[in-house]
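This report refers to the structure that appears directly beneath it.
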Amino acid sequence: MLTQRPRGMHDILPQEAFLWHEIEEAARRICARYGFSEVRTPILEHTELFQRGVGENTDIVEKEMYTFNDRGGRSMTLRPEGTAGAVRAYVEHKFYGGPQPVKWFYLGPMFRYERPQAGRQRQFHQFGVEVFGVADPAVDAEVIALGLDFVEDIGLKGLRLELNSVGCSQCRPVYRERLLAYYRPLREQLCEDCQGRLERNPLRLLDCKRETCKALAQRAPRIGEALCDECRAHDEGLHRHLDAAGIAYEINPRLVRGLDYYTRTAFEVVEEGIGAQGTVLGGGRYNGLVEELGGPSVPGIGFAAGLERLILALAQRRGEGASEAGVDVFGIALGDEASVELTGWLRRLRALGCRAERGFEGKSLKAQLKAADRLGARWALILGEEERRRGVVIVKDLTGGEQRELPALELESWWKETEHGTGR
Ligand code: ATP
Ligand code: MG
């Protein structure tokens, strides 16, 4: 127990951290382009927030939440997703009273008690965005474009965008009745889970991954045929915006998303290459949610992308062994006095932005060169006793092998020129 991490939770070790940085930087860069600002909400919220905001009839609330009583006896839950907290913050700080739209993004860990497998953890990380206050389909198109720009920016080109409309409180109940009429006679052929949710949330039957249920879903009535005029107009508007932006999409009439609060637009971005858990990003419009959570009636739309799945997809495409280039200069001191002097030189070089490492414990020149090589250092600075007395240092190019002597006092200007010359 002591030396084992909790099931479904992972250490992100230093050798993978650079990939996380790349992805997080891409998220921030793309959000800046689209005018989204970061919001950071607590990782714990009152349990009621998720019960209301995510919905009682969802997998998340039914069986996936980490819920506990705090020391004051209050029921708290580790956030399973980011939208409920963002909406809570939007309402609590009365952002609805200011200029709209309000455009936010978030990055951070989420927690769901699920069966761990490839691309499915109990602690995982999401990058997500939310736009509050505007119902125009142009916003839906911007949110989708942002999501695609993000996955493409990190190197995942050509992913499939699936799109659907799930209607609204006017037309969905009508569709729900049609679905019930279709499924009730087929009840016996459904999996146990679907039998259980048939009466409570028949839309979710369309989304079941079991083969028999999938086959039945294929022939189920389609929501597209049941949309009201407003929902249809919204949907067609979105298609026109996407076409104008050169964004290809596939209509998937069985795309319903797991959450109750979605209205109209629902979308997913899918990567084929990473197996059953191929959805790397999912989102949609939630015009009823802000009001459901105690705010005024304000429309909203957002998505969340699963960072572990994106990293899986990236690793698959890039192959193993991709890593960051880490070290500019490796300092090698031979002797105590030289070692002391090197400490000063390296600090001054680092102050100039040079990524510097060094050998320790008076190892041999050969051993230290080997260490420099292992780190992939570009240059070695060699300071022996004799060089130290003469006030010089040996600069060795570790890619070409050429080496020269430099007055120690010129090291900083050497670095400035070198850095400039390499265009770093
Ligand atoms: P799934 O059908 O795969 O369970 P979901 O509908 O529960 O997905 P959302 O709540 O929409 O997923 O979350 C958005 C994204 O977050 C998903 O598309 C996925 O990339 C990621 N995600 C969700 N749950 C997990 C998890 N347990 N582990 C890793 N990533 C996850
Ligand atoms: Mg899920």
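The table that follows gives values for the structure above.
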{"quantity": "Which numbered condition F105 misses (of (1) more than 16 Å from ligand 1 (Cβ to nearest atom); (2) part of a strand (DSSP E or B); (3) within 22 Å of A135 (Cβ to Cβ))", "calculated": "(1)"}
{"quantity": "Residue match in the range 52-69 (condition: farther than 30 Å from G326 by Cβ, free of Cβ contacts under 8 Å to residues at least 24 places away in the same chain, of a type in the set (V, I, T) and part of a helix (DSSP H, G or I))", "calculated": "yes"}
{"quantity": "Which listed residue, of T41, T3, T77, is without any contact (Cβ under 8 Å) to a residue 40 or more places away in the chain, part of a loop (DSSP other than H, G, I, E, B) and of a type in the set (S, T, N, Q)", "calculated": "T3"}
{"quantity": "Set E92, E48, E56: member being at pLDDT below 95 and more than 29 Å from V151 (Cα to Cα)", "calculated": "E56"}
{"quantity": "Selected residue (only one of E199, E225 is loosely packed, with under 13 Cβ neighbours inside 10 Å, without any contact (Cβ under 8 Å) to a residue 24 or more places away in the chain, charged (D, E, K, R) and not in a helix (DSSP H, G or I))", "calculated": "E199"}
{"quantity": "Filter result for the condition that a residue is at pLDDT below 95, among the aliphatic types (A, V, I, L, M) and either within 27 Å of H239 (Cα to Cα) or within 16 Å of ligand 2 (Cβ to nearest atom) (or both), over A138, A84, A118", "calculated": "A118"}
{"quantity": "Counted residues, the range 156-196 - those being open to solvent by less than 40 Å² (accessible area, probe 1.4 Å) and assigned to a loop (DSSP other than H, G, I, E, B)", "calculated": "8"}
{"quantity": "Residue count, the range 6-21 (criterion: touching a residue at least 40 places away in the same chain (Cβ under 8 Å), open to solvent by less than 90 Å² (accessible area, probe 1.4 Å) and more than 13 Å from E308 (Cα to Cα))", "calculated": "2"}
{"quantity": "Residues located in the range 296-310, provided they are out of contact with any helix residue (DSSP H, G or I) (no Cβ under 7 Å at 6 or more places or on another chain), within 15 Å of ligand 1 (Cβ to nearest atom) and outside any strand (DSSP E or B)", "calculated": "E308"}
{"quantity": "Subset of the range 294-345 that is open to solvent by 60 Å² or more (accessible area, probe 1.4 Å) and at positive phi - its residue that is modelled with the highest pLDDT", "calculated": "G294"}
{"quantity": "Top-ranked residue of the range 26-44 - restricted to ones that are within 13 Å of the chain's Cα centre (by Cα) and within 29 Å of Y66 (Cα to Cα), ranked as surrounded by the most Cβ atoms within 10 Å (Cβ to Cβ)", "calculated": "A27"}
{"quantity": "Residue in the range 45-82 that is farthest from the chain's Cα centre (by Cα), counting only those that are open to solvent by less than 70 Å² (accessible area, probe 1.4 Å) and more than 29 Å from N201 (Cα to Cα)", "calculated": "G73"}
{"quantity": "Y90 vs. criteria within 24 Å of the chain's Cα centre (by Cα), farther than 17 Å from P299 by Cβ and of a type in the set (S, T, Y)", "calculated": "no"}
{"quantity": "Cβ pairs under 8 Å, 6+ apart, first in the range 291-314 and under 28 Å from W20 (Cβ atoms) and more than 16 Å from ligand 2 (Cβ to nearest atom), second outside any loop (DSSP other than H, G, I, E, B) and among the small types (G, A, S)", "calculated": "I301/G283; I301/G284; G302/A86; G302/G128; G302/G283; G302/G284; A313/G273"}
{"quantity": "Cβ pairs under 7 Å, 6+ apart, first in the range 101-126 and closer than 15 Å to V280 by Cα, second of a type in the set (G, A, S) and within 12 Å of ligand 2 (Cβ to nearest atom)", "calculated": "F124/G306; Q126/A304; Q126/G306"}
{"quantity": "Tally, over the range 105-142, of residues that are surrounded by fewer than 22 Cβ atoms within 10 Å (Cβ to Cβ) and of a type in the set (D, E)", "calculated": "2"}
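The values are calculated or read from the model by the stated rules, or taken from the named source; none is laboratory data. As the structure is a computational prediction, the values presented were derived from the model and not from experiment. All Cβ positions, glycine included, derive from the backbone under ideal geometry; neighbour counts span all protein chains shown. For the accessible areas, the whole protein counts, side chains as well, though only heavy atoms, and no ligand, DNA or RNA atoms are used. Shrake-Rupley method; radii C 1.70, N 1.55, O 1.52, S 1.80 Å.
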